[in-house]
Amino acid sequence: MPAISRDEVAHLARLSRLALTDDELDLYAGQLDSILSHVRVISEVAADVPATASPNPTTNVTRPDTIVEGLTPEQALSGAPAVEEQRFMVPQILGEGE
């Protein structure tokens, strides 16, 4: 017995305001019946399988936080081409009023 009849497809088409020909009704009834049959088979097979988002278990890979010494201002500025008052010195790109 088909999972969906031609009359049910015609009813759904009317509800969806779709104008389908007799050939389209026959075609879509067969396609929808095939889809629903496949869903039924999958539902039966997967009844005892727990639902998951992914077939592969994933874990968050992290490293432990360790405190390390940072650079001193002198070390950070040692490679700068120009330094002024413990700051990187760069050419001005905007005018005084901006």
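The values are calculated or read from the model by the stated rules, or taken from the named source; none is laboratory data. Predicted model, so just to flag it, every value in this text is computed and none were measured. Methodologically, a virtual Cβ is constructed for each residue, glycine included, from the backbone with ideal geometry; neighbour enumeration extends over all protein chains shown. Accessible surface is based on the protein model in full, side chains and every heavy atom, while ligands, DNA and RNA are left aside. Shrake-Rupley method; radii C 1.70, N 1.55, O 1.52, S 1.80 Å.
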Restricting attention to the stretch 12-52, and to residues there that are among the basic types (Lys, Arg) and assigned to a helix (DSSP H, G or I), which single residue is least open to solvent (accessible area, probe 1.4 Å)? 40
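Taking the stated definitions as given, is residue 3 surrounded by 12 or more Cβ atoms within 10 Å (Cβ to Cβ), without any contact (Cβ under 8 Å) to a residue 24 or more places away in the chain and part of a loop (DSSP other than H, G, I, E, B)?
Judged against the criteria, residue 3 is not a match.
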Condition test on residue 63, is it at pLDDT 90 or above and among the basic types (Lys, Arg)? no
Please name all residue pairs, on different chains or six or more residues apart, with Cβ atoms under 7 Å, provided the first residue is in the stretch 26-47 and is closer than 15 Å to residue 6 by Cβ and the second residue is open to solvent by less than 80 Å² (accessible area, probe 1.4 Å) and part of a helix (DSSP H, G or I). 28/9; 29/9; 32/9
Among the residues in the stretch 57-65, are any open to solvent by 100 Å² or more (accessible area, probe 1.4 Å), in a loop (DSSP other than H, G, I, E, B) and in contact (Cβ under 8 Å) with a residue 12 or more places away in the chain? no
